[in-house]
Amino acid sequence: MLETVGEGGLPQDVAEIVGLRVSQINGCRLCVHGHTHNLRKAGASEDRISSVAAWREAPFFDDAERAGLKPAEAMTPPSRSPWAPPGSEKPIATVELKGAAGRRRAPPRSGSR
């Protein structure tokens, strides 16, 4: 993915931010870790890194970064949970949270058996 972004002439720090956001959408933990590591190594603040998923509302991104994030996010389909019904376009978190709501455990019993 970064090879394609790099071919577009984006600065490396912008490419890493875009890569992090796409990796978040794709649900790739290794890629998220790698982009986060690269951003920290380049001196990005924890505020910026932790706000990538909310870049539209966060005050930490400049026009160039927003210009890279917007099309990357628009062109990246959300990951799908293995439990999602065929044809579902819901993000993985939505599907998993709905499933988790139906799997509540009974509270632990107090006292002896």
* ALA67 to LYS41: extension gain in nm, 0.36 nm per residue of separation minus the Cα-Cα distance? -> 7.1 nm
* Which value in nm describes the separation of the simple spin-label points at ASN26 and ARG56, placed 7 Å from the Cα toward the beta carbon? -> 2.3 nm
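Values in this text are rule-based calculations from the coordinates and carry no lab data. Quick caveat, the model's predicted, so the values are computed rather than measured. Cβ: placed from backbone, ideal geometry, glycine included. Neighbour counts: every protein chain shown.
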